[in-house]
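To start, the structure itself, in structure tokens.
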Amino acid sequence: MKFKKVLSAVLVAATCVSLCACGGGKKDGGSDGGDGAIQVAIWDNIQLDGLKEIAAGFTEETGVDVEFQVVPWNEYWTLLEAGATGGEMPDVFWMHSTYSQRYMSNDILLDLTDKIESSEKVNLDNYYKDIAELYQYDGKTYAIPKDYDTIALWYNKKCLTMQVLLIRMRHGHGRHLQMQPKSLQRRTEVSTVRRFRQLLIRTDIIT
């Protein structure tokens, strides 16, 4: 069991290892793995083939089989929560930074600090510091980042242009108009509205 626990810590840049895999109520680990196989839970079926290829190399090198369980995102966290309560969690599983503090602070995950420090394959200096620290708690490391993504902001250029102009007119031209004589204010207002309309036409906001 000790051998299996150490190997599961370095599997596919091992996301997390549950303490259920360290003895729990089962002879070979936390989950019902056939013949002591390591149970790995993930939420993305698209990555499954690649992970299986990596796991095959791991099995060839160690003799330890790996079995994957793919659970959709919404059900995934329900599964982990139920498993944490009942002590039947997967041996290795993906973790998200949104939930990591909850699991690390409740002594559910295996502390990988010593194993990482003594490993010849894992070096946290190869990871972005801010990302690695997402999976550290109280000076200990509980997971190794497997990837990261970029969140992009999309916007409607036409709507944004119109809103910016309206704000500028409200907070900029408005103060300017108040300083003008009444006779000029009206002409300035008309000129501003005309220019604003022409801009909207050029940007196809109106026709």
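Looking only at the range 128-145, filter to residues that are of a type outside the set (Ser, Thr, Tyr) and outside any helix (DSSP H, G or I); which one of those is surrounded by the fewest Cβ atoms within 10 Å (Cβ to Cβ)? It would help to see each step written out before you state the result.
Taking the range 128-145 first, the residues of a type outside the set (Ser, Thr, Tyr) are 129-134, 136, 138-140, 143-145.
Among the residues that remain, those that are also outside any helix (DSSP H, G or I) are: 134, 136, 138-140, 143-145.
Details: Leu134: 18, Gln136: 16, Asp138: 8, Gly139: 6, Lys140: 13, Ala143: 25, Ile144: 25, Pro145: 18.
Restricting to residues being of a type outside the set (Ser, Thr, Tyr) and outside any helix (DSSP H, G or I), the top hit is Gly139.
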- Task: Mind listing just one residue for me: the one in the range 71-102 that is at pLDDT 90 or above and hydroxyl-bearing (Ser, Thr, Tyr) and, of those, surrounded by the most Cβ atoms within 10 Å (Cβ to Cβ)?
- Result: Tyr76
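Looking at Ile116, Ile54, Ile151, Ile108, which one is surrounded by fewer than 17 Cβ atoms within 10 Å (Cβ to Cβ) and in the same structural domain as Gln39 (by TED's automatic domain parsing)?
On the way: Ile116 fails: surrounded by fewer than 17 Cβ atoms within 10 Å (Cβ to Cβ); Ile151 fails: in the same structural domain as Gln39 (by TED's automatic domain parsing); Ile108 fails: surrounded by fewer than 17 Cβ atoms within 10 Å (Cβ to Cβ).
None of the others qualify; the one that does is Ile54.
Can you say whether Tyr142 is at pLDDT 85 or above, of a type in the set (Phe, Trp, Tyr) and touching a Phe, Trp or Tyr at 6+ places or on another chain (Cβ under 6 Å), as far as the supplied structure shows?
On the way: at pLDDT 85 or above: yes; of a type in the set (Phe, Trp, Tyr): yes; touching a Phe, Trp or Tyr at 6+ places or on another chain (Cβ under 6 Å): yes.
Yes, satisfied.
In the range 98-127, what residues are touching a residue at least 24 places away in the same chain (Cβ under 8 Å), charged (D, E, K, R) and assigned to a loop (DSSP other than H, G, I, E, B)?
Passing the criteria: Asp107, Asp111, Lys121.
The values are calculated or read from the model by the stated rules, or taken from the named source; none is laboratory data. Here the structure is a predicted model, which is why all the values come from computation and not from measurement. Every residue, glycine among them, receives a Cβ derived from its backbone with ideal geometry; neighbour counts consider all protein chains shown.
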